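Rule-based calculations on the coordinates, nothing more; no lab input. The structure displayed is predicted, hence computed values, not measured ones. With ideal geometry, Cβ positions are generated from the backbone for all residues, glycine too; neighbour counts draw on all protein chains shown.
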Amino acid sequence: MTDRPSYLFIGVPDLRTPPIGRDRFVKVRADRLIHGGDRRLALEGQPGVGKTMLAMALAHYEPVLNHFDGGVLWANLGPSSQADPLRSLSMWISALGREDYAQLDLDGRREMARTLIGQRRFLLILDDAWSTEVAKALCCGGPNCRYLLTTRDKAVAHGFAGRS
């Protein structure tokens, strides 16, 4: 195993300009991720309303970064025909310091990621989910992890988090 950084920021897009006028929204969602009892939070809305921008703002928000001291793992999903949970898990596993995953199937990679994450606190962001099954395939965090999903589909949001 190679040395890994203590804090990982994997796949997270750069936040060139923070969302204007959304400070309260970001703070409330950050508080829910940090202090709320729900392990899964979903942002649901029409294309272009700013779900990804808000997820990016949360990923870069200092209280979130301080709490999730393991880091932030981001997966770009998109339409189910394009979503590739194996690729996302591979990227995360590699960042967590392992390269011996090529022969593992989805369940094997998810289990390896879960083992590597262990008890550390990570925020896993699943952006633009079109399928609850694909999103749930990336639920590999330990007990101290939280998930943020963005989707345009209310059924996906409810299937993943119970509400949006």
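Helix-derived [θ] at 222 nm for the chain: sum -39500 (n - 2.57) over DSSP H runs of at least 4, divide by residue count, nearest 500? Mind dumping the intermediate values first?
Numbers: 7 runs with 66 residues, N = 164.
Helix-only estimate at 222 nm: -11500 deg cm²/dmol.
Of the peptides 45-53, 89-97, how do they stack up when ordered by the mean number of other Cβ atoms within 10 Å, highest first?
Per-residue mean Cβ counts within 10 Å order the peptides as 89-97, 45-53.
Once Lys and Arg get +1 and Asp and Glu get -1 on their Cβ, which of Ala83, Val134, Phe68 lies farthest toward the positive end of the dipole of the chain?
Sorting the options by dipole projection puts first Phe68.
Treat every Asp and Glu Cβ in the chain as -1 and every Lys and Arg Cβ as +1, leave all other atoms uncharged, and give the resulting dipole magnitude about the Cα centre to the nearest 20 debye.
I would put it at about 520 debye.
Which order do the peptides 27-35, 15-23 take when ranked by the mean count of other beta-carbon atoms within 10 Å per residue, highest first?
Top of the packing list down: 27-35, 15-23.
For the range 6-77, what is the charge dipole size about the Cα centre, in debye to the nearest 20, if Lys and Arg each add +1 at the Cβ and Asp and Glu each add -1 at the Cβ?
Dipole magnitude for the range 6-77 comes out near 200 debye.
Quick check: net charge around Val49, other residues with Cβ under 12 Å of its Cβ, Lys/Arg +1 and Asp/Glu -1?
+2
Report ³J(HN,Hα) in whole Hz for each residue of the range 95-105, in order, from the Karplus equation J = 6.51 cos²θ - 1.76 cosθ + 1.60 where θ = phi - 60°; Gly and Pro get x.
Taking θ as phi minus 60°, the curve returns 5, 7, x, 10, 10, 9, 10, 4, 8, 7, 7 Hz for the range 95-105.
Counting Lys and Arg as +1 and Asp and Glu as -1, what is the net charge of the other residues whose Cβ lies under 14 Å from the Cβ of Leu126?
Values: positive: Arg39, Arg40, Lys51, Arg87, Arg110, Lys136, Arg146, Arg152; negative: Glu44, Asp84, Asp127, Asp128, Glu133, Asp153.
After counting each charged neighbour, the total is +2.
Can you give me the long-range amide H partners of Cys145? Hydrogens built in the peptide plane at 1.01 Å from N, cutoff under 5 Å, separation of 5 or more residues or another chain.
Amide H to amide H, under 5 Å and 5 or more residues apart or across chains, Cys145 pairs with Phe122.
Once each part is reduced to its C-alpha centroid, what is the distance from the range 1-75 to the range 111-164 in angstrom?
Each part reduced to its Cα centre gives a spacing of 13 Å.
Quick check on the range 40-164: take the gyration tensor over C-alpha atoms, sort the square-rooted eigenvalues as a ≥ b ≥ c, and tell me if it's rounded (a/c under 1.5), prolate or oblate.
Details: a/c = 1.88, a/b = 1.26, b/c = 1.50.
It is oblate, given that a/c is not under 1.5 and a/b is not larger than b/c.
Scan around Thr150 for amide H atoms under 5 Å from its own, H built in the peptide plane at 1.01 Å from N, and keep only partners 5 or more places away or cross-chain.
Sorted by chain and number, the residues that satisfy this are Leu43, Leu126, Asp127, Asp128, Ala129.
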